[in-house]
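The structure under discussion appears below in the form of C-alpha cells.
Laboratory data are not the source of any read-out in this text; all were calculated from the coordinates shown. In this text the structure is predicted, and so the values were computed from the model without any measurement. Don't worry about glycine lacking a Cβ; one is built from the backbone with ideal geometry, like all the others, and counts go over all protein chains shown.
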Amino acid sequence: MPGSSIKRIVSHGLGWVAAAAWVWLQSDLAHAGGLSDTGLQWPGWQELLRVLTLSDYNTRVVIVGTALLGLAAGLSGTFLILRKRALLSDTLSHATLPGIALAFILMTVFFGDGKSLIGLIAGAAVFAVLGTGSVLLIERYSRLKDDAALGVVLSVYFGLGIAIMGIATRMETGNSAGLTSFIYGKTASMLLSDALLIAVTAFVAALLCLLFFKEFSLVCFDADFALTQGWPVARLDFFMMSLVVVVTVVGLQAVGLILVVALLIIPPSTARFWSRRLSVMLALSAGFGALSGMLGAAISALMANLPAGAVIVMTASSLFFFSLVFGTNGGLLQMVLDRWRLGKKVMHENLLRELYEWQEITAQQSGAAADAARIDGPRLEELLPRRSWSVHGLQKGLRQLIRKGWLRLSAEDRYFFTPDGFLQARAVVRKHRLWEAYLIAYADTAPGQVDWGADTIEHVIDERIIAELEAGLPDWTPKAVPESPHELIRIGV
Amino acid sequence: MEWTFIDSWIIVTGILSAMSCALLGNYLVLRRMSMMGDAISHAVLPGLAIAFLISGSRDSLPMLVGAVGVGVLTAVLIQAIGKLSGLDQGASMGVIFTTLFALGLILIRQAADHVDLDPGCVLYGAIELTPLDVYTLFGWEIPRAAVTNGIMLLVNVLFVVFFFKELRITSFDPALATTMGFSAGLMHYVLMALVAATTIAAFESVGSILVIAMLIVPAATAHLLTDRLVAMLVISLVVAALAAVLGHVGAITIPAWIGFRDTSTAGMMAVAVGVLFLAAFLFAPRHGIIGRMVAQGLLTLRVNRDDILGMLYRVQELAGQRSLAVKTDDLRKALLTGGWVNLALADLLRTRKVRRTPEGVVLTESGLSSAANLIRSHRLWESYLCGQMGFCDAEAHYSAHQLEHVTDEAMQERLKSAANYPTLDPHRKAIP
C-alpha cells in the first residue's frame, strides 16, 4: 500500500480493526463511521516527566506493583522453565476461575459481601492446587501425555469456572461486577492494597529462592541425582510449584490471566539467552520481569487507549526478541559470528596446509631436500584447483594471511611463508597428520581414506587433545612434522 | 423450563462446532501437541484485526484468511523459536501465544471507547444468541453460526477422509513418513491452518475456551477408550456431540435446582465433556483406573480359584483317597488370604467345581479334572525347569506356581515334549 496511507491507517485504522473484529463477532452493529477520531495520543514532556518521576500517586502504585509482580514472576518462572513446565502456568491460572467464582458465591451467601480479596485468593489457590493435582493424576494414571493432561484440565476447569460465573452474575445480592478482572486484569486501576500484597509475595519469593537456592538448583538440573542423594525431590518440587501458584494467584487479580502466564514464561526464557548459571538467570529474569512491568505500566500510563496488561506483555516479549538476537548465550547474532569466525579459521588453516604441502611436493618432485628458500611458491591460479574454493574466497583468505604477516607476495605473484607463517603452517599440518595417524592406528582406517576425516576435525583440536593424541601414538616423534601417510595431490595434474 | 426452537438450534450449533473441533483434535492429541490448540486459539486474535486492516471489510472470508494466516504463522514461529533458541516447545509456545494475544488486545482496545467491546465474548462466546441471527435457505431459517460450523465440519471431514493415510503416517511416525515421501512438515502446517479456521468458525458461537475444550477433551477421552484410529475418530465425534447436548441441557436445568434460571451454555458444554472424560478416565475398560482395577481383581480371583483347586487336589493326593473334605478355615490359613478365598470359593461353588459337605468342601468331578489340569501344568513346569534348565531348588516351585495360572493346552504339549514326556515331577509326584 502507498506510504502516505500507512500513517492514516496507524492513526485511524486501529480503531476500525478492533471494531471490525467485534462487529464481526456480533455480526451486526455497524456504526463504524464514528470511529475516525480514535488514535494514539502522544504525551507531552510534562506528562512524561510526571510518570518517570512517579510523582502521580496512582501511577506510582501501578508501576511499583507491576514491577514487583514482574520480579516475583521472573523468579518463580525460572524454575518453571527449567523444569520444562512452562505451560503448567497457563493451565494453573485458568484452573483458578471456578475457585474464584465459587468463593464469590459462598461469601455472598454467608457474609453478604463476595468481594473479599483474601477469600477470592484462597478460592483461587485451592483450585490452582486441584488443577495441578488433576494434571499429575491424569499423567500418572492414564496413557495421556503431559500436553493432553494440561489441555484437558485447562479447558474443563475454565469451562466450569465460566458456568459458575454465569450463576454468580445472575445472583441478585452481591455485586459480581469486577470478577472478570481476574481474567483480563485491572492493571491500570491497581489499589495500594494490591500493590502491598504483591510486595509481600515478591519478598517471600525472593527470600525462598535465597534460602532454598541449593535445593532448587539441584532439583532443576538433576532431579535423579538429587533423589539418589536422599533429597526429598517430590516435596521440593511441590514447594517450587507452590511458589508458582502463589505468584499466579496474587498476580491474577492484579494484571489478569494471560499477563501472569506471560510474566511467568517470558522473562526466564529471556534470561536464558544471557547465562546458564542459575544464580545469574534468576537475577536477570527477576530484572527483566521488573523492567517489563515498570516500562509497560509507564507506557500505558503515558498513552491513552493502551491496556497496561497487554503493553507489559509486549515489553517483555520485545526484551525476549532483543535477547534472542543479541544474547551472549545462544543468541542468533552470536551464533552467526561464531560460524563466521570458524569459517575464517578453517579457510586460513586450509590455506596454510595447502601451501606447506606445496613446498613438500615441489621438494619431492625436484628430488631435492626441502629448502624453503629455493622453492617457488604457488601462484593464485595454481592454488585454485587444489581445493573447492572460489576465486574470491581464495583471494580474500590470502590477503588476510598477508595482513597477519604469515605470507608474503613475491614480485612474480608467488606466495611464500614468512618465518612466522611457516611455524603456523607446521602446527596445522602436524595436527592434521596427528589425527591421520590416530585414525590409522585406532580406527582401522585405510591410509587413503584418512585425509577427509582429518580435514574436518583438525580445526577444532585443542592443546589438550593434541597431548592425548601424542600420548596414544608411541612412535610419534615429538615436535616433528611427519610425512603424509597418503600420497599428496601432485602439482600440475 | 420450556424447550423452544431456540434451544434446538443452540444444540445443533453446539454439536456442529464441537464435532468439527473434536475431529481435528484427535491428531493434536496423537501428535502430543494438544496445547497447540490453546496457543492458536489465543493467537488468532490479532489475525482478525489485521485481516480487517488489510481488506477493509468485515466479511467472513477475509477474517478466515487472516485467522488461518496468523494460525500458520503461530505454528511457524513456535517451531522456529524452539529450533533457534533451544527452548522447549512449551516455553516457546508460551512466549508466542501470549505475545500475539497481547497484540490482539491492544489492537481491539483501540476501539473500545467507540463500540461496546468486550473481549470476554471471544472467550465465552455467545451461543445463546446465535439462533437470533439467521440465514434464510430454501424457506428455512437457519442460524448463521450453524451454517458456518456445518461448512467447517464438512471441510474437516473431507480433509480427514482424503488425507487419512497421510495424516496417520505423519502422526504416528513422521520419520517413516518422510522416507516414504510424505512431507510431515506440510501436513503439520495444513493441520494447523485448519485448526485456526475451525477456531474462527467456532469462536462466535462457542468462544475460544470451549474450542480448546472440544479440540482436546473428546479426543483425549476417545484415546482412553480405544487403540484404533478410526474408532478413536468416531468416539471423539460422539463424545463431542453428546457433550454439546448434555451441556445445554445442564445449563438450563442444573442452575434451576438451586434457584437460578440458567448459566453459560458454553461453560456447561466444557463441564459436560469434562464429566465424560472423567468417566472414561475411571471406567475405560483397558486404560481407565477402575477398568484396570477390575481386570486386576478378576486375575486375583482366578489365581485364588486355581490355588483352592490345587490345594484340594494335593490334600486328596496325600491322603490317598477321593473326596476328602477340607475346612474353609484351613484353606484360608494355607493361602494366607481371607476375603479373596471366600469370593473364589463362592465362585467355585457356583460353577459346581466344589461342593459343601458337613466336614468342609470337596472337589466335584468337573472340579477334579480342572484341578488335575492345573497340577499337570505345575508339575510339567517343575520337570522342565529342573530337567532342561537345571533349576531344581525351592524357587523352581515358586516359578511353576506362577506359571501354572497362565499355561494352556498347547503350552502343556510343548512342555511335555521339551521335558521328554515325564510321568513323575522332580519331587517324585505323579503328573496327572
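Based on the Kirkwood radius over alpha-carbon pairs, what value in µm²/s does the Stokes-Einstein equation return for the translational diffusion coefficient of chain B at 10 °C and 1.306 mPa s? Numbers along the way, then the final one.
Values: Rh = 26.4 Å.
The calculation lands on 60 µm²/s.
Per residue of A:268-275, how many C-beta atoms from partner chains lie within 10 Å of its own C-beta, taken as a mean? Could the numbers behind the result be given before it?
Values: counts 2, 8, 1, 0, 4, 3, 0, 0.
Partner Cβ neighbours, averaged per residue: 2.
Simple spin-label model, 7 Å along Cα-to-Cβ: B:Val147 to A:Ala441 in nm?
Taking the simple label geometry, B:Val147 and A:Ala441 are separated by 8.3 nm.
Once label points are set 7 Å from the Cα along Cα→Cβ at both B:Ala231 and B:Arg292, what is their separation, rounded to one decimal in nm?
1.8
Neighbour counts of other C-beta atoms within 10 Å: give me A:Thr362, A:Thr91 arranged from fewest to most.
Numbers: A:Thr362 17, A:Thr91 26.
With the fewest neighbours first, A:Thr362, A:Thr91 line up as A:Thr362, A:Thr91.
Using only DSSP helix segments of four residues or longer, with each worth -39500 (n - 2.57), what per-residue ellipticity at 222 nm results for chain B after dividing by its residue count and rounding to 500? It would help to have the intermediate numbers written out before the result.
Working: 18 runs with 319 residues, N = 432.
Helix-only estimate at 222 nm: -25000 deg cm²/dmol.
Around B:Thr364, which amide H atoms from residues at least 5 apart in sequence, or from another chain, sit under 5 Å from its own amide H, with H modelled in the peptide plane?
When sequence neighbours closer than 5 places are left aside, the close amide H contacts are B:Val354, B:Arg355.
I need B:Leu349, B:Leu215 ordered by Cβ neighbour count within 10 Å, fewest first. Working shown, then result.
Details: B:Leu349 15, B:Leu215 33.
Ascending number of Cβ neighbours within 10 Å: B:Leu349, B:Leu215.
Running a GNM on chain B with Cα contacts under 10 Å, which residue among B:Gln412, B:Gln89, B:Gln296 ends up with the highest mean-square fluctuation?
Of B:Gln412, B:Gln89, B:Gln296, the Gaussian network model singles out B:Gln412 as fluctuating most.
Under 1.5 on a/c is rounded, so check that first for segment A:416-493, then, if it is not, pick prolate when a/b is larger than b/c and oblate when it is not; a ≥ b ≥ c are the square roots of the alpha carbon gyration tensor eigenvalues.
Details: a/c = 1.76, a/b = 1.11, b/c = 1.59.
Oblate, since a/c reaches 1.5 and b/c is not below a/b.
What whole number of Å gives the distance from the Cα centroid of segment A:86-119 to the Cα centroid of segment B:332-382?
58
Filter the GluC sites (Glu not before Pro) in segment B:330-419 to those in DSSP coil with at most 14 other Cβ atoms within 10 Å of their Cβ, and list the result. Intermediate results must be reported in sequence, preceding the final value.
Working: sites: B:Glu359, B:Glu365, B:Glu382, B:Glu395, B:Glu404, B:Glu409, B:Glu413; in loops: B:Glu359.
Sites meeting the loop and neighbour criteria: B:Glu359.
Hey, rough spin-label estimate for A:Phe212 and A:Arg277, points 7 angstrom out along Cα→Cβ, what's it come to in nanometres?
2.4
Could you let me know the centre-to-centre spacing of segment A:302-366 and segment A:409-423, using Cα atoms, in angstrom?
Cα centroid to Cα centroid, the span is 31 Å.
What angle, in degrees between 0 and 90 and rounded to the nearest 10, separates the Cα long axis of helix B:289-319 from the longest principal axis of the Cα atoms of chain B?
0
At a Förster distance of 60 Å, what's the computed FRET efficiency of B:Arg350 paired with B:Tyr189, Cβ-Cβ distance as r, to 0.05? Before the final figure, lay out the partial values.
Numbers: r = 60 Å, r/R0 = 1.00.
With R0 = 60 Å, the Cβ-Cβ based efficiency is 0.50.
Ranked from highest to lowest mean number of other Cβ atoms within 10 Å per residue, what is the order of the peptides A:191-204, B:233-246? Walk me through the intermediate numbers first.
Numbers: A:191-204: 17.8, B:233-246: 22.4.
Listed from highest to lowest mean packing, they are B:233-246, A:191-204.
Assign one of three labels to segment A:45-330, namely rounded, prolate or oblate, based on the Cα gyration tensor with a ≥ b ≥ c the square roots of its eigenvalues; rounded applies when a/c is under 1.5, prolate when it is not and a/b is larger than b/c, and oblate otherwise. Please report the intermediate quantities before stating the final value.
Numbers: a/c = 1.83, a/b = 1.06, b/c = 1.73.
Oblate, since a/c reaches 1.5 and b/c is not below a/b.
Need one value for B:81-92: mean number of C-beta atoms belonging to other chains within 10 Å of its residues' C-beta atoms. Walk me through the intermediate numbers first.
On the way: counts 4, 0, 0, 6, 10, 4, 11, 6, 4, 13, 13, 3.
Mean partner shielding for this stretch: 6.
Arranged by the count of other C-beta atoms within 10 angstrom, fewest first, what order do B:Arg144, B:Arg428 take? Don't skip to the answer; put the middle values down first.
On the way: B:Arg144 18, B:Arg428 6.
Listed from fewest to most nearby Cβ atoms, that is B:Arg428, B:Arg144.
Per residue of B:212-224, count partner chain C-beta atoms within 10 Å of its C-beta, then hand back the mean as an integer. Kindly include the intermediate steps, with their values, before the conclusion.
Details: counts 8, 8, 2, 2, 11, 8, 0, 4, 10, 2, 0, 5, 5.
Average per residue, whole number: 5.
Measuring from centroid to centroid over Cα atoms, what is the spacing of segment B:416-432 and segment B:87-101 in Å?
Value for the Cα centre distance between the two parts: 67 Å.
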